[in-house]
Amino acid sequence: MEDRSSDDAGAITLVVTIPIKPDFEREFLEAAHQLTEKVRENEPDTVHFSLNRHPTETSTFVFVEVYRDSAALHMHQESEYLAAAVARLPEWLAGSPEELQLSQVAFR
């Protein structure tokens, strides 16, 4: 594997696992699709932003997000559309979300 850490030092990956109450899955998915569109339209330094279904946990979803650097992550975290999506989340949650933040050191 080729080490390109000097080319992309500072890239940040977030893996956010969100358990949703089954009765609210449709509403959550609609909001997540809207959020994904806003990210695509407004965040050029967000390299990747996807929502995935957890392979073993029912009604659990996983956002995988890659930001070019901490400034791109900060822009995302401060956006009005993220705040609007997060404000709706508490009633849908079946448990606490889990976030894992990774700092890229190499890629191929």
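The sole residue among SER103, SER50 that is among the hydroxyl-bearing types (Ser, Thr, Tyr) and farther than 17 Å from ILE18 by Cβ is SER103.
Being β-branched (Val, Ile, Thr) and out of contact with any Phe, Trp or Tyr (no Cβ under 9 Å at 6 or more places or on another chain) is the filter; apply it to the stretch 50-69 and report the residue that is surrounded by the fewest Cβ atoms within 10 Å (Cβ to Cβ). I'd like the intermediate steps shown before the answer.
To start, the set of residues in the stretch 50-69 that are β-branched (Val, Ile, Thr) comprises 56, 58, 60, 62, 64, 66.
Restricting the remaining residues to those that are out of contact with any Phe, Trp or Tyr (no Cβ under 9 Å at 6 or more places or on another chain) gives 56, 58, 60, 62.
Values: THR56: 5, THR58: 11, THR60: 19, VAL62: 17.
Checked the stretch 50-69; the qualifying residue surrounded by the fewest Cβ atoms within 10 Å (Cβ to Cβ) is THR56.
Going through the stretch 38-49 one residue at a time, which ones are of a type outside the set (Phe, Trp, Tyr) and surrounded by 12 or more Cβ atoms within 10 Å (Cβ to Cβ)? Let's see the steps before the verdict.
Within the stretch 38-49, the subset of a type outside the set (Phe, Trp, Tyr) is 38-48.
LYS38, VAL39, ASN42, GLU43, ASP45, THR46, VAL47 - these are the residues of the stretch 38-49 that are of a type outside the set (Phe, Trp, Tyr) and surrounded by 12 or more Cβ atoms within 10 Å (Cβ to Cβ).
Applying the condition of being touching a Leu at 6+ places or on another chain (Cβ under 7 Å) and of a type in the set (Ser, Thr, Tyr) to the stretch 62-108 and asking which residue is nearest to GLY10 (Cα to Cα) yields TYR67. Residues satisfying the criterion are present in the stretch 12-25 (criterion: at pLDDT 95 or above, surrounded by fewer than 11 Cβ atoms within 10 Å (Cβ to Cβ) and touching a Ser or Thr at 6+ places or on another chain (Cβ under 6 Å)).
The values are calculated or read from the model by the stated rules, or taken from the named source; none is laboratory data. Given the structure is predicted, the values throughout are model-derived calculations rather than measurements. Glycine also receives a Cβ, built like all others from the backbone with ideal geometry; neighbour counts cover every protein chain displayed.
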